[in-house]
Amino acid sequence: MVEEKVHIEEELEPILKKVSDPEIPVLSIIDLGVVRSASLNGNKAKIEITPTYSGCPAMDVIGDDIKTALKDAGYEAEVNLILAPAWSSDWITEEGRKALEDYGIAPPMDATSDKKALLGEERIVKCPQCKSTNTHMVSQFGSTACKALFKCDDCQEPFDYFKCLI
Amino acid sequence: MNKEFLIKYIYGIADNALILGQRLGELTGHGPTLEVDIALTNTSLDLFGQVRSYFQYAAQLSDEEITEDDIAFLRTEREYLNVLLVEQPNRDFAFVIGKQFLFDHFHFLLLTELQKSHDQTLVAIAKKSLKEVSYHKRFSSDWIKRLGDGTEESKQKMQTAIDDLWRFTDELFHLTENDKKAIKEGIGVDVSKLKETYYKNVAEVLEEATLDVPELNYFQEGGKKGIHSEHMGYLLTDMQYMQRTYPGMKW
């Protein structure tokens, strides 16, 4: 796992924590790891965000939501989209992983396990509902670009798995 | 540095993703199953996302006051530099998968090499896109195996598609004068060097799928020079309709 240093101004963190991914409302953009820097100069906030997937349609909304949240808190905001370094599912925080699972989305595993799971070699993705690992992949592409569709063979519920991207 | 060649080089790469993305977009709501429909349109979305990054960069480099939308939607047919392979019609599911498979394997190799470019923006886009293209490649390769090694009918259809599309693969490795300039500047990828690995990788999957690797000695080309097949005009008419009807329209 590559350690990425992200500088987020303390004062801005609680505001950004309130902004979430519109497609996964329980996950704040901080926990998703898309905020790459947040700096403050007077009341001018400069935020850098990076997309999870190139075509992620949520990025424009996230950008607008950040601006609104900061404006409401009395800051002037500038939001820039950066591409390097490319987002990795490793950047989802522990708290974020827990929020995902509670919400019904299986959080991403490490790259090796992920590959085995998506290739159907091993049944290791845990059902977020009943916690069974007796699950199978239905499709590598799920409801959004970042997810794959799984089904639990114990409780029979379909669920999303947040794909590993490193 | 002369930026014109760099802009043209970017078009050469991005137009492939744009036109293939458009072809995949045509399948929205028409996929053979819900899951496949979603997978193909997700792939389309990834490609369009990549295209936006390339075109935003190209617009930034340009001396003219243009945006990514102008580049994507307001060029004439001859100004699009995509290869002939990606503009081929979808016909049936075997053709959709065959086209995707033959392009994904090339795309993967291209982006892997583009990561070594001296242009840092292109490196960033390549790194980002490569992660997505790995998924595309896995998806299309899986389907090649499933259809090739499936029923008699699926095998025959898959073989027909591969045989038909094969004549467009050689163009992927041609170098235009502009490509040569980009390679000399340390920015472009020498695609001619990817040919051997490409055919080896593709053959491996086809063999596993119990399909025959076509043995062709005639190939078609032209797209890279802006000379397209008869299908391109129809595709552009569809794709450019909104921008031409409502100039300046935005998302």
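The values are calculated or read from the model by the stated rules, or taken from the named source; none is laboratory data. Everything quoted here is computed from the prediction, not taken from an experiment. Don't worry about glycine lacking a Cβ; one is built from the backbone with ideal geometry, like all the others, and counts go over all protein chains shown.
So the values come out like this:
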read-out: Residue in the range B:159-171 that is in contact (Cβ under 8 Å) with a residue 12 or more places away in the chain and in contact with a Ser or Thr (Cβ under 8 Å, 6 or more places away or on another chain) present; value: no
read-out: Of all residues in the range B:105-128 being touching a residue at least 40 places away in the same chain (Cβ under 8 Å) and polar (S, T, N, Q), the one that is farthest from the other protein chains (Cβ to nearest Cβ); value: B:Ser117
read-out: Near pairs, Cβ below 9 angstrom, 6+ apart or cross-chain, from the range B:223-243 (closer than 18 Å to B:Asn16 by Cβ) to any residue that is of a type in the set (Gly, Ala, Ser) and surrounded by fewer than 16 Cβ atoms within 10 Å (Cβ to Cβ); value: B:His228/B:Gly222; B:Ser229/B:Gly222
read-out: Residues within the range A:71-91 that are in contact with a helix residue (DSSP H, G or I) (Cβ under 6 Å, 6 or more places away or on another chain) and either at the interface with another protein chain (Cβ under 10 Å from one of its Cβ atoms) or outside any loop (DSSP other than H, G, I, E, B) (or both), tallied; value: 5
read-out: Of residues in the range B:80-139 being among the polar types (S, T, N, Q) and under 16 Å from the mean Cα position of the chain (by Cα), the one surrounded by the most Cβ atoms within 10 Å (Cβ to Cβ); value: B:Ser129
read-out: Matching entry among B:Thr112, B:Thr176, B:Thr197, B:Thr121 (being of a type in the set (S, T, N, Q) and over 29 Å from B:Gln60 (Cα atoms)); value: B:Thr197
read-out: Of residues in the range A:117-166 being free of Cβ contacts under 8 Å to residues at least 12 places away in the same chain and within 14 Å of chain B (Cβ to nearest Cβ), the one surrounded by the most Cβ atoms within 10 Å (Cβ to Cβ); value: A:Phe141
read-out: Set A:Lys71, A:Lys67, A:Lys5: member being surrounded by fewer than 17 Cβ atoms within 10 Å (Cβ to Cβ) and at pLDDT 90 or above; value: A:Lys71
read-out: Residue count for the range A:51-93, restricted to those that are touching a strand residue (DSSP E or B) at 6+ places or on another chain (Cβ under 7 Å) and of a type in the set (A, V, I, L, M); value: 9
read-out: Members of the range B:19-54 found to be away from chain A (no Cβ under 12 Å) and either touching an Asp or Glu at 6+ places or on another chain (Cβ under 9 Å) or modelled with pLDDT of 95 or more (or both), listed by number; value: B:Ile19, B:Leu20, B:Gln22, B:Arg23, B:Glu26, B:Leu27, B:Thr28, B:Gly29, B:His30
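Residues checked against (1) in contact (Cβ under 8 Å) with a residue 60 or more places away in the chain; (2) over 27 Å from B:Lys157 (Cα atoms); (3) of a type in the set (S, T, N, Q):
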site: B:Thr41; (1), (2), (3): no, no, yes
site: B:Gln50; (1), (2), (3): yes, yes, yes
site: B:Ser53; (1), (2), (3): yes, yes, yes
site: B:Leu81; (1), (2), (3): yes, yes, no
site: B:Phe103; (1), (2), (3): yes, no, no
site: B:Arg138; (1), (2), (3): no, no, no
site: B:Asp142; (1), (2), (3): no, no, no
